1. Just wondering, is there one or more residues in the stretch 248-267 that are out of contact with any strand residue (DSSP E or B) (no Cβ under 8 Å at 6 or more places or on another chain) and within 14 Å of residue 168 (Cβ to Cβ)?
2. If I filter the stretch 209-229 down to residues being touching a residue at least 40 places away in the same chain (Cβ under 8 Å) and either assigned to a loop (DSSP other than H, G, I, E, B) or in contact with a helix residue (DSSP H, G or I) (Cβ under 8 Å, 6 or more places away or on another chain) (or both), which single residue comes out as nearest to the ligand (Cβ to nearest atom)?
3. Only one of 47, 22, 10, 35 is at pLDDT 65 or above, surrounded by 10 or more Cβ atoms within 10 Å (Cβ to Cβ) and not in a loop (DSSP other than H, G, I, E, B); which?
4. What residue, among those in the stretch 131-157 that are in a loop (DSSP other than H, G, I, E, B) and either farther than 17 Å from residue 202 by Cα or at pLDDT below 95 (or both), is farthest from the ligand (Cβ to nearest atom)?
5. Take the stretch 196-208 and flag every residue that is closer than 18 Å to residue 260 by Cα, in contact with a helix residue (DSSP H, G or I) (Cβ under 9 Å, 6 or more places away or on another chain), outside any strand (DSSP E or B) and away from the ligand (no atom under 16 Å from the Cβ).
6. Any chance you could count how many residues in the stretch 96-130 are crowded, with 24+ Cβ neighbours inside 10 Å, part of a loop (DSSP other than H, G, I, E, B) and within 14 Å of the ligand (Cβ to nearest atom)?
7. Taking residue 259 as meeting all but one of (1) free of Cβ contacts under 8 Å to residues at least 24 places away in the same chain; (2) farther than 30 Å from residue 82 by Cα, write down the number of the exception.
Ligand code: URA
């Protein structure tokens, strides 16, 4: 805005400016310093945003990796298997269990799937890992003698006298250590499906690991000798033959359990 001043007023204004220290005219046109500083303050206030938008944007964090679900994957694979061959093939594709990488063989089964008795052991040892069949070492040889004593054999031609054998774990644990609970949990869906596909009349649970996996209980000394139920089938917990090799005195109880198995087979209807 231009103010029209009378000459004496203009002179007084000039005197005032000189008195305030203004001793030089530096522009033709007047400058509104108040308006200027308001604009500067506005610019400053907007500056953080402006600076941020000028900076190169950081890459968004990568999406979290998909959560591994060994048990869910095992269940899906096992449930999709319609035959024993398919179940064997499904286990071969299962990559969650590290035992697989340390083992030579996937030890799946032995004996006849038509058998009325299905024996569930713990895990392959050295001999089983080499041969790819369950219970072929010293404990397995004792198992064969125990079965023979009540007229059963893996490869018996008739289903009445045959047995079918598998383990909770299909891969040998290093140094034959006990299976870890996570290993049992992730392989259990395959055992459940295995039992479902074989559909035996009776199960024999050999030792604590097998009882832990299928009954949710340990303490074979108390469990053995009493019929119970596992996966909806009659099941007899028994001392593991490896335990009997170390504790021959326990063969007495094992013999009693074999007789109980024989008696139940004699009573039950065929498959
Ligand atoms: N012990 C088991 O429980 N299973 C085998 O296959 C061999 C030894």
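The values are calculated or read from the model by the stated rules, or taken from the named source; none is laboratory data. No experiment lies behind these values; they were computed from the predicted model shown. We place every Cβ from the backbone using ideal geometry, glycine too, and count neighbours over all the protein chains shown.
1. no
2. Step one: filter the stretch 209-229 for residues touching a residue at least 40 places away in the same chain (Cβ under 8 Å), giving 209-210, 213-214.
Now narrow it down to the ones that are either assigned to a loop (DSSP other than H, G, I, E, B) or in contact with a helix residue (DSSP H, G or I) (Cβ under 8 Å, 6 or more places away or on another chain) (or both): 209, 213-214.
Values: 209: 7, 213: 11, 214: 13 Å.
Only one residue fits best here, namely 209.
3. On the way: 47 fails: at pLDDT 65 or above; 22 fails: not in a loop (DSSP other than H, G, I, E, B); 35 fails: surrounded by 10 or more Cβ atoms within 10 Å (Cβ to Cβ).
Of 47, 22, 10, 35, the one residue that is at pLDDT 65 or above, surrounded by 10 or more Cβ atoms within 10 Å (Cβ to Cβ) and not in a loop (DSSP other than H, G, I, E, B) is 10.
4. Taking the stretch 131-157 first, the residues in a loop (DSSP other than H, G, I, E, B) are 132-137, 150-152, 154-157.
Filter once more, keeping what is either farther than 17 Å from residue 202 by Cα or at pLDDT below 95 (or both): 132-137, 155, 157.
Values: 132: 11, 133: 8, 134: 4, 135: 4, 136: 7, 137: 6, 155: 16, 157: 23 Å.
It comes out as 157.
5. Pass one, the stretch 196-208, residues closer than 18 Å to residue 260 by Cα: 200-207.
This time we only want the ones that are in contact with a helix residue (DSSP H, G or I) (Cβ under 9 Å, 6 or more places away or on another chain), so: 201-207.
Going one step further and asking which of them are outside any strand (DSSP E or B), we end up with 201, 207.
Selection gives 201 alone.
6. Number satisfying all stated conditions: 4.
7. (1)
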